[in-house]
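*Asks:* Quick one: the structure is below, and I'll ask about it shortly.
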Amino acid sequence: MRCPKQAALWVLMLAATICGCGSPAATKFYVLDVPTTPNNPATPQFPISLLVARPVTSHLYRDDRIVYGSGPVQLGTYEYHRWAQSPADMTQDLLVGYLRSSGQYRSVLRPGSSARGDYIVRSYLKALYEVDEPNFVARFEIHLEIYDPKSGANLKGFSYSHDEPVADKTVAAVVEALDKNVRAGMAQLTSEVGKYFADNPPKVQGAQ
């Protein structure tokens, strides 16, 4: 059972031994926490279905290596510290989880052959990495859009960008700070999406 405060920050240590000369190195895998959907959700506030698309992002975040920044322009990746899944997939899971856990929507799904939605939540993952200059921080930046497939229009955009201080210069501390930063960002964006639909009540006839 996961500790609620530490969530699953870095306990997923699927240690894979790397063979070579000298002492073997162990690859450590890390995850960010996805909220649990209530077992008995209340009647949704908005009778609509949302499809959460996979984020558009740099090739760096389609890989599983944890990214770090050295100076203002240079980025690199750790070889033996990796995410359990790519940040693009992890971000999609987090968006689905947070929107579902709000209990405000009839359904929140990933796109698929049988999945249909009244609106599509698109996103652009801009940053999820360690920064060491001028301050040692964990940076998370993302942009969301609500897309209406019926009209072909982007209805509203939302952005989150924040640098979370890191307690010490270890990858575990970076992941812990990223987890805190991402959770704050997801909570803010989920609230803003809900506020948009509250201010602009969706008109949906029948279930899709």
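The values are calculated or read from the model by the stated rules, or taken from the named source; none is laboratory data. What you see is a predicted model, and the numbers here were worked out from it, not measured in a lab. Note that we place each Cβ from the backbone using ideal geometry, even for glycine, and neighbour counts take in every protein chain shown.
*Asks:* Are any residues in the range 125-165 buried (at least 16 other Cβ atoms within 10 Å of the Cβ) and part of a loop (DSSP other than H, G, I, E, B), and if so, which ones?
*Replies:* Selection gives Phe136 alone.
*Asks:* Is it the case that some residue within the range 93-107 is free of Cβ contacts under 8 Å to residues at least 60 places away in the same chain and among the aromatic types (Phe, Trp, Tyr)?
*Replies:* No: zero hits.
*Asks:* In the range 59-79, what residues are surrounded by fewer than 16 Cβ atoms within 10 Å (Cβ to Cβ) and either among the basic types (Lys, Arg) or touching a residue at least 12 places away in the same chain (Cβ under 8 Å) (or both)?
*Replies:* Arg62, Asp63, Ser70, Gly71, Pro72, Leu75, Thr77, Tyr78, Glu79
*Asks:* (1) closer than 22 Å to Ser49 by Cβ; (2) without any contact (Cβ under 8 Å) to a residue 24 or more places away in the chain; (3) of a type outside the set (A, V, I, L, M, F, W, C): which one isn't true of Pro134, the others all being true?
*Replies:* Unmet condition: (1).
*Asks:* Please count how many residues of the range 99-118 are under 17 Å from Leu32 (Cβ atoms) and surrounded by 22 or more Cβ atoms within 10 Å (Cβ to Cβ). Outline the logic, then answer.
*Replies:* Filtering the range 99-118 for residues under 17 Å from Leu32 (Cβ atoms) gives 99-101.
With the extra rule that they be surrounded by 22 or more Cβ atoms within 10 Å (Cβ to Cβ), the set shrinks to 99-100.
So the count comes out to 2.
*Asks:* A follow-up question, please. Starting from the range 18-45, keep only residues that are among the polar types (S, T, N, Q), then list their pairs with residues that are surrounded by 10 or more Cβ atoms within 10 Å (Cβ to Cβ) and at pLDDT 60 or above whose Cβ atoms are within a distance under 6 Å, requiring at least 6 positions of separation or different chains.
*Replies:* Correct list of pairs: Thr27/Tyr80; Thr37/Arg100; Thr37/Ser101; Gln45/Gln104.
*Asks:* Based on this model, can you work out whether Asp199 counts as modelled with pLDDT of 95 or more, over 23 Å from Tyr30 (Cα atoms) and surrounded by fewer than 21 Cβ atoms within 10 Å (Cβ to Cβ)?
*Replies:* yes
*Asks:* While we're on this one: Only one of Gly112, Gly103, Gly194 is at positive phi and outside any strand (DSSP E or B). Can you tell me which? Write out each step before concluding.
*Replies:* Working: Gly112 fails: at positive phi; Gly194 fails: at positive phi.
Of the residues listed, the single one that is at positive phi and outside any strand (DSSP E or B) is Gly103.
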